[in-house]
Amino acid sequence: MIAAPTPELLQAMATVPAAQFLLTTAYGDVRDGRIVERVQQCGTNPPMLLIAMEKGHTLSPLIRDSRTFAVSLLDPAERLLQRVFGPDRRVGDDPFLTYKHTRGVLGAPIVTRAVAWFDCEVVRHLDMETNFELYIGLVHAAGLGTAPTPRLTAALSATRASDSRAARPRAVPERLPAAESPVERSRNGTLPIRSGSRVR
């Protein structure tokens, strides 16, 4: 029998990179979504994503019956999505009635106010002996949303931090100054900024 995880083990597990994604699906007239943090690429040719979701959510039977889901990478500064799709929402309410979205090629609703989105067909469902279940999706379509990318946000934050440091007396005057803008940073080879078509 496996022992319960120790605090040290849980702390170590928390260092594994994660982000906030909105997992959505629809079957018939019912559509729903929930915020998940465990999403990972598991193939590039063809492109596939692996999603780990806690068991017992009302989204599970919808994904099972529709065989589709969409995943949207959320902007960390986006608070409205957290309220609309958070745990305090009443079961049975349609969250998409109050939030801008579009319909994916496979039928799942996709929020456009996101960093990026992926429209997927379920190719595997794994019911693990743990509190999470796994879905592997074949990506049929993807694109960039209308939210700023985390990379650009990080570049702007780094620039502001560099500017504030530049205003202070320097202990080591021979250090090179920081780049003036995120554009200059991308030209110098640091913090490249990706571009692409955006969903409107």
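The values are calculated or read from the model by the stated rules, or taken from the named source; none is laboratory data. Just so it is clear, the model here is predicted, and its values are computed rather than measured. FYI the Cβ positions are ideal-geometry reconstructions off the backbone, even for glycines, and counts take in every protein chain you see.
Points to keep in mind about this one:
- In the stretch 40-61, the residues that are hydrophobic (A, V, I, L, M, F, W, C) and either at pLDDT 95 or above or closer than 15 Å to Val123 by Cα (or both): Cys42, Met48, Leu49, Leu50, Ile51, Ala52
- For the stretch 26-135, the strands (runs of 3 or more DSSP E) that sit wholly inside it and include 1 or more residues that are within 30 Å of Pro5 (Cβ to Cβ) and among the aliphatic types (A, V, I, L, M) are 30-36, 38-44, 47-54, 68-73, 116-127.
- None of Arg83, Arg124 is at pLDDT below 85 and among the basic types (Lys, Arg) except Arg83.
- Some residue of the stretch 161-181 being at pLDDT 55 or above, among the charged types (D, E, K, R) and farther than 29 Å from Leu50 by Cβ: no
- Within the stretch 2-23, the set of residues being in a loop (DSSP other than H, G, I, E, B) and free of Cβ contacts under 8 Å to residues at least 40 places away in the same chain comprises Ile2, Ala3, Ala4, Pro5, Thr6, Ala14, Thr15, Val16, Pro17, Ala18.
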